[in-house]
1. Step through the residues of the stretch 179-184 one at a time and calculate ³J(HN,Hα) from phi using the Karplus curve (6.51 cos²θ - 1.76 cosθ + 1.60, θ = phi - 60°), rounding each to whole Hz and writing x for Gly and Pro.
2. Taking amide H positions as placed 1.01 Å from N in the peptide plane, with prolines and chain starts having none, which residues 5 or more places from Asn368, or on another chain, fall under 5 Å of its amide H?
3. For Thr40 and Thr350, FRET efficiency with R0 = 41 Å and r from the beta-carbon atoms, rounded to 0.05?
4. Based only on other Cβ atoms within 10 Å, what is the fewest-to-most ordering of Glu282, Glu144, Glu335?
5. Per residue of the stretch 286-297, what does 6.51 cos²θ - 1.76 cosθ + 1.60 with θ = phi - 60° give for ³J(HN,Hα)? Whole Hz please, x for Gly and Pro, Karplus curve as stated.
6. Dipole magnitude of the chain about its Cα centre, charges +1 at Lys/Arg Cβ and -1 at Asp/Glu Cβ only, in debye to the nearest 20?
7. Amide H of Arg283 versus every other amide H placed in the peptide plane: which residues, excluding those fewer than 5 positions away on the same chain, fall under 5 Å?
8. Within the stretch 201-230, list the trypsin sites (Lys or Arg not before Pro) lying in a DSSP loop whose Cβ has at most 11 other Cβ atoms in a 10 Å radius.
Amino acid sequence: MGGRTLVALNATKTATATYLPKTPFARQLEEQVDHYFESTGQKRRDVPRMYLKTAIMLAWLALSYLALMFVVTTPWQAVLGALSLGLAMAGVGFNVQHDGGHGAYSDRPWLNQAMALSLDLLGGTAYFWHYKHNVAHHTHPNVEGHDDDINLGILGRVSPYQKWHSLHRFQHLYLWAIYALLALEWQTTGEFRNLISKRHVGSTRVPFPRGRELFIFWAGKAVFFGLAFGFPLWRHSFGQVIGVYVIAAATLGLVLATVFQLAHCSDRAQFRKPLLGGTSVERPWAEHQVETAVDFGRSSRVLCWYLGGLNFQVVHHLFPKICHIHYPALAPIVEQVCAIHGVNYFAFPTARAAFRSHVRWLRIMGRNPAHSPAEESARVAAAI
Ligand SMILES: [Zn+2]
């Protein structure tokens, strides 16, 4: 009996989660979105506005870097330059790298790959990101044991299926520091650890990169460390270089993590876990994608431009291969089809409302479940 249980648990750990068959809801969604592109004559990818946006984002990044290298003279100018650099890096990640990584940028695979590789310029690794984000997260958003994005280890509890520890009572206060350290961690040590030992993210197997992929990994690290530390040390002191790096990396980590958390770790999003020993999340794929994400700030032009469509996370999860420039037009279509089929689509009117919801959820998940078992079991039931 004990042996059988162990095999079942191991199976859950390594097998990809499955979904119930496709429903009329998913079919109507696809039809309506097809109709949108046919009736407007717009292209799903290779959108001229996206090329312009890429140029602006990369120029912002380059100008922030060059200003820090050659123009800045006072500490306050350095702080402002580092903040600008961190925001520009996040902007490139949201807009250029994310679309490229999903194949949503262009119909030409080499162009998607070139855009995806901007992550290596930012200190990450496009190869590992593909498995963590495209496969593990997008295939099973908010599914315990499968979506690595909701796995904060002992430091955070964001799903009712995760074990509670007493320090979680304060997670709504301290997790911001963890978010700020995320980019610093993957830039300096995390990606090397992934290379040496990480063979799974959630239930997704990550093959060791070989040949061209391994060359790109090391070339990317050489470029990043050269740009972040090598060249700056040629003109500035060690303390100045480290100070600017820490501010830029903390800005990048905080902005990236917060935006993704607002969309998935909310008291309006669902969390699921396959039944013990099984892999099915007992819900069709499209419905699951809608129910495990929220949109926010749909009418904000600033958010729509800067966040690369990540405030339309529901649309993104349903149609990840469509350029994010189209999301504001597709969101009302998705909302309408959800209403017709009784699928629970939710959008916060502002980023502030989504932020408050994230904090509320952290506080709820931070409470000791033993003190309110009825509430906790109701949450688990609702999550299923
Ligand atoms: Zn994505």
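Rule-based calculations on the coordinates, nothing more; no lab input. Computed from a prediction, not measured in an experiment: that's the story for all the values here. Because the Cβ atoms are built from the backbone with ideal geometry, glycine has one as well, and the counts that use them run over all protein chains shown.
1. 4, 5, 8, 4, 5, 4
2. none
3. Approximately 0.90, to the nearest 0.05.
4. Lowest count first: Glu282, Glu335, Glu144.
5. 5, 4, 4, 4, 5, 7, 9, 9, 10, 9, 7, x
6. Result for the chain is approximately 560 debye, rounded to the nearest 20.
7. Hits under the 5 Å cutoff: Leu20.
8. Those that pass, being in a loop and sparsely packed, are Arg210.
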